[in-house]
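See below for the structure under consideration.
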Amino acid sequence: MLHKKLLNPKSIVVVGASNNTATPGGSVLQNLINCGYKGVLYAVNPKETEVQGIKCYPHVTAIPNVDLAIIAIAAKFTLETVNVLTENKNTKGFIIFSAGYSEKDAEGKELEQQIVNQIKRVNGSLLGPNNIGLLNNNYAGVFTKPIPKLNKKGVDFISGSGATAVFIIEAAIATGLTFSSVYSVGNSAQIGVEEVLEHLDKSYDYEISSKVKLLYIESIENPKKLLKHATSLTKKGCKIIAIKAGSSKEGSRAASSHTGALANSDAAVDALFKKAGIIRCYGRNELINTALIFMHKKLEGKNIAVITHAGGPAVMLTDILSKNGLNIPKISGKESEKLLNELYLGSSVSNPIDFLATGTAEQLEIIIDYCETKFSEIDAMAIIFGSPGLFNVSEVYQVIHEKIRSCKKPIYPILPSVVNVATEIKTFIAKGNYCFTDEVIFGKALAKAYNNTTNITTNNQPPTIDTENIRTIIANAKNGFLHPTEVKNILQFSGIPVVNEFVCTSEKESINAATTLSYPLVMKVVGPIHKSDVSGVVLAINSEKMLLESFQKLMAIKNATSVLIQPMKKGTELFVGAKKEGNFGHLILCGLGGIYIEILKDINTCLSPVSPEEATAMIQNLKSYKLIKGYRNKEGVNQAIFTDIILKISELVTIAPEISELDLNPLLGNASEVFSVDARIKIEK
């Protein structure tokens, strides 16, 4: 947990304070004073006796005891300063602005670690270094501007980048979005995004805490901690919206399997966010707009009335909503005819409701009332209203202001004229409203918020696989791909149906296998990673002559060690895979199999352990689900068995974390059975 003296200090010292407010030390002191910090302020600067009206001391040794130190001096002087404060001044909270630590070089990293160790020694908390500070309802401990409006019901914002935090705050202010707190973690030497989220989780109070959390993340150092506390907050009713920037170099490495090609660090981020109920965004305006949706009344349905005096934006909004799963239902009937009679000639009420450029505030009020009380098919209203600069829109915005508060259905104001009616928009926001400026960004955000219906589940199923025998195989295995016989045994001990097969190294063994299995047969080369790339699969073998010819052909392939012989089976080709992705753990994947996985790349992923609900959703959310379900006269796949195989693979990698990659490709599925016909397992101990 973050120390209370970092969060709510009764006294603060700015080390490196200055009368020059263009410096971090001068600017942060100015912000503390201007934002009404109620505690005691101290300043330290050897060249000054008074800074911005605050008594200034030449060195930290001269100040009284202090709760929080905000340090804005060169990196080389910080360790000495921290030592004095921790050992002699009972300081527990630290914010270090300066750069030149782990982000610079090995020497800087060592210095940073020494500072962390000293602060930990007194059970203190360090935010930074190399950050812009902390902003909450107790104090403005940041050196940047502007300072956003603070409101306990505003959003909590955690950022891994100080500059990005400033840009997001600037854009948010223009929309009316308020903040409860802003944490800039910088180098995350002691406190990173995960630790701040942990604090927000453990200190959460339903009555007073913010219910919307924004994250800007550049690296996830502790995925399990992030998952734990994001999941906890989501279960408490919070909405978490995040940007994860950057991708690991490992994401573009050469892959040794289909799973390796399809699963990477960014896929792991997606899976983690999905499991935790985090909404992922890719830009600051999308982040802000999605947050604004949750600051409005809850959207209970997907039927939206688009109300406008400008046709073009309404068409664009209708398009984007429709493409993303929301409806713009046609409005018709007697009530719609009554509404049309209230508007100017040429207006349209079929939805979008266009009441023309000459429409009045009174007409807008009537439209809103009809959508609220007469049109039961409408769940929410999006109102687009700008101005060509020819008339005052204050009355229109006042109607929207009043109706947002009186209507049960959410009303989303889209006010695009940020130049022509900038003053009126500013007044609208000052009354405690939020607004959107771009109908397309708004539409995407609304759809993203509405479609975020993840049910967070945990897998508490009892063990269903033979742990002891599987562990024995893994313990005796060497690094690299397992022999097909070992793979088959692991799958059988896991309860995964496997087609009967033989691994043959001679023509005689091949003939014996064919006698046992009976024709038609399939023969596959053992050794090369991707069999189809080297023409290593022969289908529909129906005679001994063809069997022997195929054996010779396959064994002639480079790196071939043997030949796998199986009976020829029919069914829909499916795929299940698993891949260990660093400290995220194992990613489980599913989709169509065979060549379709390479062509379509239609897969869904989930972090292990996978719950039955998650496994079912993985299958049913595939774009190719209709093929799995069955269509026209084509037989579908037994989804219960398919789901069970996903769960068993999740359980397998849990008890055998040495598995780095696993492919069941293809599985063959029909209405009565699903079984593996080709599998690879790679071990990394």
Of the residues K338, K323, which single one is closer than 16 Å to Y450 by Cα and surrounded by fewer than 16 Cβ atoms within 10 Å (Cβ to Cβ)? K323
Kindly indicate whether any position in the range 360-377 is farther than 25 Å from D438 by Cβ, outside any loop (DSSP other than H, G, I, E, B) and of a type in the set (A, V, I, L, M, F, W, C). yes
Determine whether the range 295-306 contains at least one residue that is surrounded by fewer than 20 Cβ atoms within 10 Å (Cβ to Cβ), out of contact with any Cys (no Cβ under 9 Å at 6 or more places or on another chain), modelled with pLDDT of 95 or more and part of a helix (DSSP H, G or I). yes
If you go through the range 608-631 one residue at a time, do you hit one that is part of a loop (DSSP other than H, G, I, E, B), surrounded by 21 or more Cβ atoms within 10 Å (Cβ to Cβ) and polar (S, T, N, Q)? yes
Residue set I529, I490; condition out of contact with any Gly (no Cβ under 9 Å at 6 or more places or on another chain), assigned to a loop (DSSP other than H, G, I, E, B) and either crowded, with 16+ Cβ neighbours inside 10 Å or β-branched (V, I, T) (or both); output residue I529
Cβ pairs under 9 Å, 6+ apart, first in the range 59-72 and over 10 Å from K89 (Cα atoms), second basic (K, R) and surrounded by 24 or more Cβ atoms within 10 Å (Cβ to Cβ): none
Could you figure out which of (1) part of a strand (DSSP E or B); (2) over 26 Å from E87 (Cβ atoms) isn't true of L134? (2)
Reported set for the range 86-110 where residues are in a helix (DSSP H, G or I) and touching a helix residue (DSSP H, G or I) at 6+ places or on another chain (Cβ under 6 Å) is T86
Applying the selection to the range 160-196, what residues are assigned to a helix (DSSP H, G or I) and without any contact (Cβ under 8 Å) to a residue 40 or more places away in the chain? G162, A163, V166, I169, E170, I173, V193, E194
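Residues checked against (1) more than 19 Å from the chain's Cα centre (by Cα); (2) at pLDDT 95 or above; (3) among the basic types (K, R); (4) assigned by TED's automatic domain parsing to the domain that holds I119:
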| residue | (1), (2), (3), (4) |
| --- | --- |
| A165 | no, yes, no, no |
| I168 | no, yes, no, no |
| F179 | yes, yes, no, no |
| S209 | yes, yes, no, no |
| L233 | no, yes, no, no |
| S248 | no, no, no, no |
| S265 | no, no, no, no |
| A268 | no, no, no, no |
Hey, can you tell me all the residues within the range 43-64 that are touching a helix residue (DSSP H, G or I) at 6+ places or on another chain (Cβ under 9 Å) and part of a strand (DSSP E or B)? A43, V44, V51, I54
Per-region count, the range 438-455, residues over 15 Å from the mean Cα position of the chain (by Cα), buried (at least 19 other Cβ atoms within 10 Å of the Cβ) and of a type outside the set (F, W, Y): 5
Could we say that F575 is in a helix (DSSP H, G or I), in contact (Cβ under 8 Å) with a residue 60 or more places away in the chain and touching a Leu at 6+ places or on another chain (Cβ under 7 Å) here? no
Considering only the range 532-552, how many residues are surrounded by fewer than 18 Cβ atoms within 10 Å (Cβ to Cβ) and of a type in the set (A, V, I, L, M)? 6
Could you tell me whether V418 is in a loop (DSSP other than H, G, I, E, B) and not aromatic (F, W, Y)? yes
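The values are calculated or read from the model by the stated rules, or taken from the named source; none is laboratory data. This one's a predicted model, so the numbers in the text were calculated from it and none came from an experiment. Backbone-built Cβ (ideal geometry, glycine too); neighbour counts: all protein chains shown.
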